[in-house]
Amino acid sequence: MKSYFSTHPEDYKQYDTQTLRDRYLIEKLFSTGEINQFYCYDDRLIVAGICPTLSPLSLEAGKALGGLTFFTRREAAAVNLGGEGIIRVDGEVFALDERDALYIGKGDHDVQFESANPDNPARFYVCSAPSHQHYPTRLIRRSEARQVHLGDAQNANERIINQYIHPDVCPSSQLALGLTELLNCSIWNTMPCHTHARRMEAYFYFFEEDDTRVFHFMGEPDETRHLVIANGQAVVSPSWSIHSGVGTKPYSFIWAMAGENQEFTDMDFVDPADMR
């Protein structure tokens, strides 16, 4: 499990392109028949890509979680981005179509991830955060996500935010997660940008055409940097950093947040005139 350590905003100003990529970019999440896990010390978020084929796969806690089982003190959400998938939680079966999500609350669970058809495997994008209160496991269909329409075509930032793990949809201890889809040839996932100091965020980008690239902007508002993102890559965004992106072609992304606040509107907006 690769670790991504917290960094001070003054330190990151010295990073060159490769150092930025090493410290904040998750380059490969999905490997066929395997689980790839990444531990983020900012709010201790774990990001994982799970792509089962012939055999079920289970999250392993390992040394990073002190020898406990994965869900003993953690909650998680899994979004399926591939073929039909199955998640078994203590023997209960949940079938997930593309863009369905499953929330799993804390507890000593036996959790297994499977593909209904190994030739068209499921691709589970999983985010997990520490949890101090149990909430029940719940399947959230794509149609059940809370939709928020933001932006407009004139500013090239029109988008639908599908909120899966949100107090109004599926209560959780601290995890929040949603999927954003851009509309009508919009290319900005958010602009004006913002920060939210009480929670960190992870962005997972995916798109139909592999030659698409997203330029993900990060850093303090007056000291910005960017990462060039390919299909299926993710960015760890510290709470002190802006997070905004612009794509060369249509794209979608999953955002996941952990921290001391779940209010979606808890944002400090940045005037573009103040950005550097």
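The values are calculated or read from the model by the stated rules, or taken from the named source; none is laboratory data. The model shown is predicted, which means the values in this text are computed figures rather than measured ones. Using ideal geometry, Cβ is built from the backbone for each residue, glycine included, and neighbour counts are taken over all protein chains shown. Note: accessible area is taken over every heavy atom of the protein model, side chains too, but ligands, DNA and RNA are not part of it. Shrake-Rupley method; radii C 1.70, N 1.55, O 1.52, S 1.80 Å.
DSSP beta bridges in the chain, what fraction antiparallel, as a percent rounded to 5? Bridges in the chain are about 95 percent antiparallel.
Charged side chains reduced to their Cβ positions (Lys and Arg at +1, Asp and Glu at -1) give segment 1-123 a dipole of some 380 debye around its Cα centre.
Computed with every protein chain present, the accessible area of His109 is close to 40 Å² [probe 1.4 Å]. Estimated purely from DSSP H runs of n ≥ 4, each contributing -39500 (n - 2.57), the mean residue ellipticity at 222 nm for the chain is -1000 deg cm²/dmol once divided by its residues.
In the chain, a dipole from Cβ-located charges (positive for Lys and Arg, negative for Asp and Glu) runs towards its positive end, and of Ala129, Phe215, Thr72 it is Thr72 whose Cα lies farthest in that direction.
Here's the picture: charge each Lys and Arg Cβ at +1 and each Asp and Glu Cβ at -1 in the chain, and of Pro118, Met275, Thr248 the one pushed furthest to the positive end of that dipole is Pro118.
Computed over segment 125-182, the percent of Cα pairs more than 18 Å apart is 41. Direction-averaged projected area, Cα convex hull, segment 69-145: 4.8 nm², rounded to one decimal.
Report the rotationally averaged projected area of segment 1-122 based on its alpha-carbon convex hull, in square nanometres. Projected over every direction and averaged, the Cα hull of segment 1-122 covers 8.4 nm². Legend: residues Trp240, Trp255, sorted from most to least accessible area (1.4 Å probe; ligands, DNA and RNA excluded), read Trp240, Trp255. With all protein chains kept in place, the per residue accessible area of segment 1-76 amounts to 51 square angstrom at a probe of 1.4 angstrom. To put it simply, the accessible area of segment 1-58 at a 1.4 Å probe is 43 percent carbon and sulfur. Only the Cβ atoms of Lys and Arg (+1) and of Asp and Glu (-1) were treated as charged; on that basis the dipole of the chain about its Cα centre amounts to roughly 380 debye.
Applying the Kirkwood pairwise sum to the alpha-carbon positions of segment 116-222 produces a hydrodynamic radius of 16.4 angstrom. The fraction of accessible area contributed by carbon and sulfur in segment 102-186 is 41 percent, rounded to a whole number (1.4 Å probe; ligands and nucleic acids excluded).
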